[in-house]
Amino acid sequence: MKKAMELPANFLVVLILCLVMFAVAMGIVLKMMPELDRHLKQLDEMTIRLIEQKLMSGEARVAIGIASKSIERGDNEVFGIGIKNLLEDRTSFTIAVTCNSAYADDGSEICSGTPAQTVADGL
């Protein structure tokens, strides 16, 4: 009878330890979320300021905050694009993206001059 009680008691101890570790991990993640959100907002503000400076400093109609970024396969990245409307009226615009060249680690070409893709329409 004593051995039969050891297994459920051990199971309960392990279960409680797992729940405690899970709660501690969740607490750490929840504490980090506001900090990460603050960093993302700060980065967005920096990108916006950079785009505004580029648009205001010259006669450029389009400005890109950061022109190139390296990412791993399957990841996403955000590029900030600013468009200066020099006309008096609100004007529609379309942003089309073309892959000029991209290469895999082994040097093989992934894309070269693929057709433009419309990524945004707006006023």
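The values are calculated or read from the model by the stated rules, or taken from the named source; none is laboratory data. Nothing here was measured: the structure is a model prediction, and the numbers come from that model. When we count neighbours, we look across all protein chains shown, and the Cβ atoms used for this are built from the backbone with ideal geometry, even at glycine.
General remarks:
- For the range 8-16, the criterion of being at pLDDT 75 or above, part of a helix (DSSP H, G or I) and either within 16 Å of the chain's Cα centre (by Cα) or aromatic (Phe, Trp, Tyr) (or both) is met by at least one residue.
- Single residue of the range 81-110 satisfying the filter (surrounded by 10 or more Cβ atoms within 10 Å (Cβ to Cβ) and out of contact with any strand residue (DSSP E or B) (no Cβ under 7 Å at 6 or more places or on another chain)) that is nearest to Thr47 (Cα to Cα): Lys84
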